[in-house]
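Below: the structure, in structure tokens.
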Amino acid sequence: MTEQTLTLRFTLVTPPAGVMFSLQEGDETPVAQALSTGADLTFDVPLRLGSNPDGSPRWLGPYVRREGPKRFVYYRVGTLAGQHDTPWTRRGKIFLTDIPADLVRQAAETGRPLAAAFPGTDRKGEPSCATVRPIDGWRLG
């Protein structure tokens with residue numbers, strides 16, 4: 001597979017109102033900051049897709065982070081997203097290596113985004129953080 005660009009579209013479902021969210025580019029830079037009103041927040045993340053020697057998807061680009069062989073994208077919450085008047089300093093981690101390879105191939109062939117919805121609020125009513133999992137799995141957007 002030659003390298004190409006894909007869009008990862010993720011939605012944070014009903015995040016707490018009054019909290020800033022953003023993408024994380026590189027190690028520290030917040031991008032696409034959005035102050036939650038309590039309605040769903042959607043982010044589009046441009047990614048580059050290549051192929052590993054075993055044929056599995058190889059995720060690349062300034063939004064891609066790594067943890068051993070796993071690749072993921074961070075979203076930032078509160079102070080990490082640039083909001084100074086908040087008690088929240090968090091990040092959420094969305095693993096790209098959890099996306100089914102056949103769905104990645106379909107997205108690459110059609111140019112459609114890879115999409116999923118994630119909880120924006122945890123069980124305590126606070127902004128979700130740490131590793132978040134799709135509510136209903138991944139699909140083509």
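Values quoted throughout were computed directly from the atomic coordinates according to the rules given, and no laboratory measurement underlies them. For clarity, every value in this text was computed on a predicted model and none was experimentally measured. Using ideal geometry, Cβ is built from the backbone for each residue, glycine included, and neighbour counts are taken over all protein chains shown.
Counting only DSSP beta bridges with both residues in the stretch 4-136, tell me the antiparallel percent, nearest 5.
So the antiparallel bridges amount to about 80 percent of the total.
Just in the stretch 3-74: which GluC sites (Glu not before Pro) are loop by DSSP and have at most 16 other Cβ atoms within 10 Å?
For GluC sites (Glu not before Pro) across the stretch 3-74 that sit outside H, G, I, E and B with at most 16 neighbouring Cβ atoms in 10 Å, the list reads Glu3, Glu28.
Farthest toward the dipole's positive end in the chain, which of Tyr74, Val31, Asn52, given Cβ charges of +1 (Lys, Arg) and -1 (Asp, Glu) about the Cα centre?
Farthest along the dipole direction, towards plus: Asn52.
Are there any trypsin sites (Lys or Arg not before Pro) in the stretch 105-141 that are in a DSSP loop and have at most 13 other Cβ atoms within 10 Å? List them by number.
Counting only loop positions with at most 13 other Cβ atoms within 10 Å, the trypsin sites (Lys or Arg not before Pro) in the stretch 105-141 are Arg123, Lys124.
Specify whether the C-alpha gyration tensor of the stretch 12-51 places it in the rounded, prolate or oblate class, a ≥ b ≥ c being the square roots of the eigenvalues: rounded for a/c under 1.5, otherwise prolate if a/b is larger than b/c and oblate if not.
Oblate is the answer for the stretch 12-51, as a/c is 1.5 or above yet b/c matches or exceeds a/b.
Going from the alpha-carbon gyration tensor of the chain, what semi-axes, largest first and in whole Å, does one get by taking the root of 5 times each eigenvalue?
27, 15, 13
In deg cm²/dmol and to the nearest 500, what is the mean residue ellipticity at 222 nm of the chain if only DSSP H runs of at least 4 residues count, each as -39500 (n - 2.57), divided by the residue total?
The per-residue figure over the chain is -2000 deg cm²/dmol.
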